[in-house]
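A.B. asks: Structure below; questions to follow.
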Amino acid sequence: MSIKKNTEKLRNFITAFAKLLELTSQETEILSQGRILLLDLLKTDDWLADDFAKPHPEHYSQYLLHADSLERFSVVSFVWGPGQQTPIHNHTVWGLVGVLRGAELSQSYIRNELGLLQLSGNEVRLENGEVESVSPNIGDIHRVKNAFANQSSISIHVYGGNIGAVKRSVYNDDGSEKVFISGYSNQFLPNIWDRSNEILSL
Ligand SMILES: [Fe+2]
């Protein structure tokens, strides 16, 4: 039995993000203002329903929490079981990644002049409450993993598209790549729109 969550928090975040995209289409502005919105969402951990926080025993999960009806952005919860990681991958759209529970490790890559993948900088550890950005303009290839071998972690991602339907790539260490369309782990979305109690109390 899952406990009633603070759906207002997620709804307000989504509304604020939609308003931001009404105001600007500049990526740098979206990432800087969006980062502030995501930092605020991560401050409290009372809004993510249990159905979207469940780890899978064999691989990481990505639960769609919201897709904008114009597919301008999507919000996803990534749930990492102990030791789980992504393949090396890109996004092709801007993205904000923030940790809600636990911590994660992100290693960036670039393609060198020979077409090979090489490490770009050191592995970054993102702690609970911290946010990082990705995009083709600022660095778009990385591998992400749970920082913990004995507990789950959850991060909340916002992308500049319906990320589960975006055609992108996964990479082998030698730089060879193949087409990757991630899809989502869930068939149903959280209902953030039942505002009946709020209206009744007016
Ligand atoms: Fe990623």
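A.B. asks: Grab the Cα-Cα distance for E123 and D45, subtract it from 0.36 nm times how many residues apart they are, and report the gain in nm with one decimal.
C.D. replies: Contour length minus Cα-Cα distance gives 25.5 nm.
A.B. asks: Separate question: Under 1.5 on a/c is rounded, so check that first for the range 1-114, then, if it is not, pick prolate when a/b is larger than b/c and oblate when it is not; a ≥ b ≥ c are the square roots of the alpha carbon gyration tensor eigenvalues.
C.D. replies: Here the range 1-114 falls in the oblate category.
A.B. asks: Using +1 at the C-beta of Lys and Arg and -1 at the C-beta of Asp and Glu, which of N146, L20, Q187 has the Cα lying farthest in the positive direction of the dipole of the chain?
C.D. replies: Q187
A.B. asks: By how many degrees, 0 to 90 and rounded to 10, does the Cα axis of helix 27-42 deviate from the longest principal axis of the chain?
C.D. replies: Between the helix axis and the principal axis of the chain, the angle is about 60 degrees.
A.B. asks: Counting other C-beta atoms within 10 Å, and keeping those with at most 11, which DSSP coil trypsin sites (Lys or Arg not before Pro) do you find in the range 66-170?
C.D. replies: In loop regions of the range 66-170 (DSSP not H, G, I, E or B), the sparsely surrounded trypsin sites (Lys or Arg not before Pro) are K167.
A.B. asks: According to the square roots a ≥ b ≥ c of the eigenvalues of the Cα gyration tensor, what is the shape class of the range 108-192, taking rounded for a/c under 1.5, prolate for a/b larger than b/c otherwise, and oblate for the remainder?
C.D. replies: Oblate, because a/c is 1.5 or more while a/b does not exceed b/c.
A.B. asks: Another question, if that's okay. Where in the range 103-202 are there GluC sites (Glu not before Pro) that are in a DSSP coil and have at most 13 other Cβ atoms within 10 angstrom of their Cβ?
C.D. replies: When the GluC sites (Glu not before Pro) of the range 103-202 are filtered for loop state and at most 13 Cβ neighbours within 10 Å, E113 remain.
A.B. asks: Here's a follow-up. For the chain, which span is the longest to avoid every loop-located (per DSSP) member of chymotrypsin sites (Phe, Trp or Tyr not before Pro) having at most 10 other Cβ atoms inside 10 Å?
C.D. replies: With chymotrypsin sites (Phe, Trp or Tyr not before Pro) excluded where exposed in loops, the chain gives 1-187 as its longest stretch.
A.B. asks: How much mean residue ellipticity at 222 nm does the chain get from its helices, if each DSSP H run of length 4 or more adds -39500 (n - 2.57) and you divide by all residues, to the nearest 500 deg cm²/dmol?
C.D. replies: Result for the chain: -6000 deg cm²/dmol, rounded to the nearest 500.
A.B. asks: Give the angle, between 0 and 90 degrees and rounded to the nearest 10, that separates the Cα long axis of helix 7-23 from the longest principal axis of the Cα atoms of the chain.
C.D. replies: Helix 7-23 and the main axis of the chain meet at about 60 degrees.
A.B. asks: Any idea what the relative contact order of the chain is, in percent, if you count C-alpha pairs under 8 Å spaced at least 6 apart?
C.D. replies: Across the chain, relative contact order equals 24 percent.
A.B. asks: For the range 49-147, what's the relative contact order in percent, using C-alpha pairs closer than 8 Å and at least 6 residues apart?
C.D. replies: Relative contact order here is 30 percent.
A.B. asks: Given labels modelled 7 Å from the Cα in the Cβ direction, how far is it in nm from K167 to V179?
C.D. replies: In this crude spin-label approximation the distance works out to 0.5 nm.
A.B. asks: Take the Cβ-Cβ distance between T28 and E71 as r, set R0 to 25 Å, and report the resulting FRET efficiency rounded to the nearest 0.05.
C.D. replies: So, using R0 = 25 Å, E works out to roughly 0.75.
A.B. asks: Can you tell me how the chain classifies by the Cα gyration tensor, rounded, prolate or oblate, using a/c under 1.5 as the rounded cut?
C.D. replies: prolate
A.B. asks: Which pairs break 30 Å Cα to Cα here: K5/K178; K9/K178; K9/K145; K9/K54; K19/K178; K43/K167?
C.D. replies: Long pairs (Cα-Cα over 30 Å): K5/K178; K9/K178; K19/K178; K43/K167.
A.B. asks: Can you list residues whose amide H is under 5 Å from E130's amide H, if they're 5+ apart or on another chain and H is modeled 1.01 Å from N?
C.D. replies: V99
Since every read-out is calculated from the coordinates, none of them should be taken as a lab result. Predicted model only: the values in this text are computed from it and were never measured. Neighbour counts run over all protein chains shown; Cβ positions are idealised from the backbone, glycine included.
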